[in-house]
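Trainee: Before I ask anything, here is the structure I am working with.
The values are calculated or read from the model by the stated rules, or taken from the named source; none is laboratory data. Model, not experiment: these values are computed from the prediction. We work out accessible area using only protein heavy atoms, side chains counted, and drop any ligands, DNA or RNA first. Shrake-Rupley method; radii C 1.70, N 1.55, O 1.52, S 1.80 Å.
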Amino acid sequence: LMSACGGVSVTSDWDSSIDFASMRSYAWQPGAAIPDGVDQISDGRIKGAVESSLNAKGLRKVDASQADLILGYQVTTEDETTYTTMNTGWGGGYGMGGVRYGGGMAMGTSTTTANTYTNGTLIIGMFQPSDKALVWHGSGTAKLQESQTPEERTQRINQAVEKIMETLKEASEGSMKG
């Protein structure tokens, strides 16, 4: 999915009353289907990248009945069109000495080109197991590019997820201050 050319734009939000620093374990939402628009290979890449990031932060994957956080994700795509207009023109004139006689001609043209691309957004959510309340979500949006190798796709997903998950650190630091 996040096989992007260019950077990833990231946003996040969280419940500031939650002590993220005390969270030690996670599980994926039990019984959740692979989101629409995501194949099994991309699902594995996304989940693997999220798990790797959480493991690096000291959280461990456990059974959902024992987890401090339940995870889920969604993917959306949106086509966007930008327009570029190029203006060109030229002109000329002629006259005769001091005589009040002259003429001129000018021409101009404009060409507008439409560029359509697809933005893909990966949204990761964390929920409290007790009441299924959303406590944190982060999203990353980037222009998608289909012509990449499997290794390039994996690398881009890993980079996008890591950038999204960096915002969880902000939530953890914020909860420790409170």
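Trainee: Using only Cα atoms, figure out Rg for segment 129-178 and give it as a multiple of 2.2 N^0.38 Å.
Mentor: Compactness ratio reported: 1.55.
Trainee: For the chain, what number of Lys pairs, 8 or more residues apart or on separate chains, have alpha-carbon atoms under 22 Å from each other?
Mentor: Total qualifying Lys-Lys pairs in the chain comes to 15.
Trainee: Right, here's the next one. Placing one identical point scatterer on every Cα of the chain and ignoring solvent, what is log10 I(q)/I(0) from the Debye formula at q = 0.12, 0.13, 0.20 Å⁻¹?
Mentor: -0.64, -0.72, -1.33
Trainee: Could you give the length gained by full extension between ARG24 and ASN115, i.e. 0.36 nm per residue of separation minus their alpha carbon distance, to one decimal place?
Mentor: Difference between extended and current length: 28.2 nm.
Trainee: Full-extension gain between THR84 and SER17, please, as 0.36 nm times their residue separation minus the C-alpha to C-alpha distance.
Mentor: Extending this stretch completely gives an extra 19.5 nm.
Trainee: To the nearest 10 Å², what's SER53's accessible area with a 1.4 Å probe?
Mentor: 0
Trainee: Quick one: what are the phi-derived ³J(HN,Hα) couplings along segment 117-122, Karplus 6.51/-1.76/1.60 with θ = phi - 60°, whole Hz, x for glycine and proline?
Mentor: In residue order, the calculated couplings are 9, 10, 8, x, 10, 9 Hz.
Trainee: Which of these, MET126, MET107, MET86, has the largest mean-square fluctuation under a Gaussian network model of the chain (Cα springs below 10 Å)?
Mentor: Result: MET107 has the largest fluctuation of those listed.
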